[in-house]
Amino acid sequence: MPERRPRIVLAEAFDVPAVEKLRAVGEVVVLDAYDEVNLKKAVADCDALLVRTCTTVTRAVIESATRLRVIGRGGVGLENIDVDAARERGIAVVYTPHASTDAVADLTVGMMIALQRNLRGCDAMVRKGHFWEARGGSCSREMSELTLGIVGMGRIGRAVARRCRNGFGMTVLYNDIVSPGWLDFVATLVSKDQLYAHADVVTLHVPLNENGFSFKSTRNLIAAAALSGFKKGAVLINTSRGGVVDSLALANALAAGTLAGAALDVFDPEPLPADHPLMRAPNTLFTPHIGSRSVAGLARMNDVVEDVVRVLQGRSPLYLAWLDEDGPIPP
């Protein structure tokens with residue numbers, strides 16, 4: 001009797017070359033729907049499950065699996081997978097933490113410049129015919145004059161810091177409980193309170209951790225207490241996960257002038273409802289969770305199939321969720 005080939009379930013779409021790599025080692029099943037009911041049926045006898053952003057792999061889904069050996073996430077965040085439940089069952093969770101580093105770092109820097117130069121406001125005034133008023137009211141500090149505070153010096157945090165320090169000459173402060181090791185740019189490790197008090201720009205690069213991995217939660221890491229300690233005139237940038245910031249507290253800080261501005265690519269909830277206070281907050285710039293959406297970034301997310309194949313073949317994966325350097329970071 002021929003040996004059983006691994007059954008590989010794709011909950012979401014992957015590129016053709018990636019799917020062909022999977023077909024070379026097993027039977028590939030593509031789902032039409034990825035709600036919990038369908039997922040539980042699909043994983044009952046599968047060896048591998050691959051997801052992207054929209055699929056939620058709950059504990060119930062994981063407990064429905066009898067043969068599941070690996071869950072592959074084409075992307076960086078792992079909040080849509082119950083990693084603790086997978087680990088308890090001995091199921092590897094692999095992902096692509098490197099995929100969007102440059103794309104997110106580029107967007108973060110672009111947001112810094114857009115806030116400092118009030119690009120959104122100037123554009124709106126020019127379109128309304130207020131060209132000279134916009135010009136007369138626009139005079140900002142140069143990037144080299146600013147102090148950047150980075151919360152989370154993982155891959156993306158380092159990429160942002162490198163651009164800002166080596167490119168613009170900004171002073172860089174950072175906070176992270178995990179040492180980033182040797183840095184090829186000048187940056188100073190400080191406490192979070194020191195960072196908030198001295199940074200002109202605070203940018204967040206931590207995962208949304210819900211008490212997994214024996215770490216404290218990063219949900220609402222930036223809430224009223226933290227915002228009250230920000231330097232007057234500072235701006236906040238969040239290209240990590242919406243739940244890291246208390247949306248209502250941020251809206252209040254902006255309305256009160258405690259914070260000079262904010263640029264957000266991620267939200268909680270996502271998308272924000274039209275009547276959310278943040279929608280009316282001054283000096284804000286919003287983008288629709290596009291940080292990772294570069295051509296190269298999206299393509300690199302398909303690399304997760306390489307680690308899925310490694311696990312199915314009994315080899316060690318390169319990016320196992322609980323061993324990677326950019327795993328969840330506590331506040």
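Here segment 76-125 is treated as a Stokes sphere of Kirkwood radius computed over C-alpha pairs; at 37 °C and 0.692 mPa s its diffusion coefficient rounds to 234 µm²/s. Between the amide H of L285 and those of A262, A263, L264, distances stay under 5 Å, these residues lying 5 or more places away or on another chain, with hydrogens modeled in the peptide plane.
Run the accessible area of the chain with a 1.4 Å probe and give the carbon-and-sulfur part as a rounded percent.
Details: 8250 of 15590 Å².
Result for the chain: 53 percent of the exposed heavy-atom area is carbon or sulfur.
Using the Cβ of E306 as centre and a radius below 14 Å, the other residues enclosed give a net charge of +1, where K and R count +1 and D and E count -1. Using a probe of 1.4 angstrom and keeping all protein chains present, the accessible surface of segment 128-268 works out to 44 square angstrom per residue.
Annotated for the chain: lysine pairs at least 8 residues apart or interchain, Cα distance under 30 Å, count 8. Residues in segment 1-106 average 46 Å² of solvent-accessible surface per residue, probe 1.4 Å, ligands and nucleic acids excluded.
The values are calculated or read from the model by the stated rules, or taken from the named source; none is laboratory data. Not measured: the values here are computed from a predicted model. Every residue, glycine among them, receives a Cβ derived from its backbone with ideal geometry; neighbour counts consider all protein chains shown. What goes into the accessible areas is simple: the full protein's heavy atoms, side chains included, and nothing from ligands, DNA or RNA. Shrake-Rupley method; radii C 1.70, N 1.55, O 1.52, S 1.80 Å.
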